[in-house]
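Participant: This is the structure, below, for whatever I ask next.
The values are calculated or read from the model by the stated rules, or taken from the named source; none is laboratory data. The structure presented is a predicted model; accordingly, all values stated were derived computationally and were not measured. Glycine also receives a Cβ, built like all others from the backbone with ideal geometry; neighbour counts cover every protein chain displayed.
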Amino acid sequence: MKTKHVHRAGRYAVLLLAHVICAGCVGGTGDPDQNDPPVDVILEWNAVALEANARDHTAPDVPADQLSDSQGPPASARVLAIVHAAMFDAYNSIDRRYAPYLTQVPDAEGASIDAAVARAAHDTLMALIPTEAEFYDDALQQTLDRVADGPGKSQGVAVGSAVAEAILELRSNDQDWLRGIYTPTGEPGNHNVDPLNADQGFIGPNVGMLLPFGVSDVTEFRAPTPPALDSAEYAQALEEVKVLGVFRGGDSGETAPADDETYVIANFWSYNGSPFIGTPPRLYNQIARVVAEQESNSVHENARLFALINLAMADAGISTWDTKYFYAYWRPILGIRQADTDGNANTEADPSWSFLGGSRSNPFELSNGEFENNFAPPFPAYTSGHAAFGAAAFKTLANFYQTDAIAFEFVSDEWNGTTRDQFGRVRPMLSRSFVSLSAAAAENAASRVFNGVHWRFDGVEAIRAGNAIADEIFDNALRPTEDDGLSSIPSEDFEMQIDSILSDAMEAKAKAKPTR
């Protein structure tokens, strides 16, 4: 993969007023300026939802038990799945190309698709992240202003409202499982709080019990037992993350360092619920937007694609949190600092070891003048949420286009020329390019080792599950009414791809190590 410095508009360029993806899109019946490109209403409201995600996480960090029902990785994936399921069913009630997710509103012929999709997205977002009500109202008005007044407009609004109500009712019991209590045992290998952020608490102990969005049973995707603490695989993984994930980058200089590729990669994929950045599902939606535009999707294709992606990510989150709390496997900072308790002759404790950590980007300044610390995420390590969400999204894209070989370039909000690191330094604008979707998924997984917050096997097993979930949903949900004969495609050798990235990084570190 390649990194390069770039100069372009700030983070809102990809978010606000989503622009065209297709010529001749199905849309409103208003009379826009003929020089204006048609607006893809799916991308328009995907942008609104992604902005809501970023705003929803723009506050000082709080312990896990104080998060709202829309905050954190699995909860935010749930929000995006509900919103896109509603958008899909609203669209599909009028232009009936696919099997519905939940419902098809009867007698919707002639209704405005733009009005229906916008109202479905507006109403679900209003229920799920109510703090941004004025933002949603303004966005809805903007969409409706381009739809001609008349029966089609009012009927479209009614279709969107009905769909949103049905899907919100379906998910009305989710709050029972979004929280929960987890009590560490204190045994070697058992997850506990990050010692550098001792009040962080635990996110989502009961998330694995949520009703799945697309698969029949998330326990079918539960990862196998993780490596035993006294195994050779564990010792190798510990040494790897000890070397590659150690704190680096310092706090000096005007800008964050961009000459260490592992440092760049670690932060590029972060999206750790930071202010103005949000959570991992937002990141993978942003990348999907780039690919969808590159591939010249139509509006109906985007309705289905973004619903499939977000349904798959929601179930990947539920499945991953099922695995996480089933095994409650500790994070590397505990494993490395307490290696003298693991019973493994090939590991060595380092009580002072510290990670690069999950990025606390755009940090809030504390009362003592310092900034919030980077951190290990407040839930067990095995398996990786980032890797599972990313795999679900990237494999859905591969299935949708029937090929993994889609190259793309992307500017992460973590390296956009305005985001600040944990020391308040601005990160320069960088783009990274990828030769395939699976290459991006592998780097995304490896990035968590470079952060020092995951073991290699966390990412490997997360991708395995994320791919399988994406395949099951693609093969069974939102299918074309006229069967296109398409099914999920075989997965690439992601384990080899991850090994190549991490092995090359270890080799580079060894070469850079000064001789004595």
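Participant: So, A266, is that one in a helix (DSSP H, G or I) and under 23 Å from the mean Cα position of the chain (by Cα) or not?
Facilitator: Numbers: in a helix (DSSP H, G or I): yes; under 23 Å from the mean Cα position of the chain (by Cα): yes.
Judged against the criteria, A266 is a match.
Participant: Something else about it: If you scan segment 297-354, which residues turn out to be among the charged types (D, E, K, R) and either part of a helix (DSSP H, G or I) or within 30 Å of Y101 (Cα to Cα) (or both)? Lay out the reasoning, then the answer.
Facilitator: Restricting attention to segment 297-354, the residues satisfying the condition of being among the charged types (D, E, K, R) are 301, 304, 315, 322, 324, 331, 337, 340, 342, 348, 350.
Scanning segment 297-354 gives E301, R304, D315, D322, K324, R337, D340.
Participant: Y327 is checked against (1) among the aromatic types (F, W, Y); (2) closer than 20 Å to L80 by Cβ; (3) surrounded by fewer than 21 Cβ atoms within 10 Å (Cβ to Cβ) and fails just one. What number does that condition carry?
Facilitator: The single condition Y327 does not satisfy is (2).
Participant: Looking only at segment 26-68, how many residues end up being in contact with a Leu (Cβ under 9 Å, 6 or more places away or on another chain), assigned to a helix (DSSP H, G or I) and either small (G, A, S) or at pLDDT below 80 (or both)?
Facilitator: Total meeting the criteria: 4.
Participant: Among the numbered criteria (1) outside any loop (DSSP other than H, G, I, E, B); (2) under 20 Å from V39 (Cα atoms); (3) over 24 Å from the mean Cα position of the chain (by Cα), which single criterion is violated by F135?
Facilitator: F135 satisfies every listed condition except (3).
Participant: Of all residues in segment 407-418, which are over 16 Å from R282 (Cα atoms) and either touching a Pro at 6+ places or on another chain (Cβ under 6 Å) or crowded, with 18+ Cβ neighbours inside 10 Å (or both)?
Facilitator: F408, G417
Participant: Taking T403, is it assigned to a loop (DSSP other than H, G, I, E, B), closer than 29 Å to Y91 by Cβ and among the β-branched types (V, I, T)? Lay out the reasoning, then the answer.
Facilitator: On the way: assigned to a loop (DSSP other than H, G, I, E, B): yes; closer than 29 Å to Y91 by Cβ: yes; among the β-branched types (V, I, T): yes.
In short, yes.
Participant: Being under 16 Å from N416 (Cα atoms) and either without any contact (Cβ under 8 Å) to a residue 60 or more places away in the chain or part of a strand (DSSP E or B) (or both) is the filter here; which residues of segment 244-258 pass it?
Facilitator: T255, P257
Participant: Of the residues that sit in segment 173-207 and are in contact (Cβ under 8 Å) with a residue 40 or more places away in the chain and either among the acidic types (D, E) or touching a Cys at 6+ places or on another chain (Cβ under 9 Å) (or both), which one is surrounded by the fewest Cβ atoms within 10 Å (Cβ to Cβ)?
Facilitator: This residue is D199.
Participant: A further question on this structure: Restricting the search to segment 112-132, which residues are outside any helix (DSSP H, G or I) and either among the acidic types (D, E) or surrounded by 24 or more Cβ atoms within 10 Å (Cβ to Cβ) (or both)? Outline the logic, then answer.
Facilitator: Our first condition is that a residue be outside any helix (DSSP H, G or I); within segment 112-132, this holds for 112, 129.
Within segment 112-132, just S112 meets the criteria.
Participant: Anything in segment 459-515 that is surrounded by fewer than 19 Cβ atoms within 10 Å (Cβ to Cβ), touching a strand residue (DSSP E or B) at 6+ places or on another chain (Cβ under 8 Å) and in a loop (DSSP other than H, G, I, E, B)? List them, or say none.
Facilitator: R479, T481, listed by residue number.
Participant: Can you pull out every residue in segment 431-464 that is under 22 Å from D315 (Cβ atoms) and of a type in the set (D, E, K, R)?
Facilitator: R448, D458, E461, R464
Participant: Write out, first by first residue and then by second, each pair whose Cβ atoms fall under 8 Å of each other, whose residues are 6+ apart or on separate chains, and whose first residue, in segment 489-505, is on the phi < 0 side of the Ramachandran plot while the second is surrounded by 15 or more Cβ atoms within 10 Å (Cβ to Cβ) and in a loop (DSSP other than H, G, I, E, B).
Facilitator: Matching pairs, first to second residue: I489/D404; E492/D404; E492/S436.
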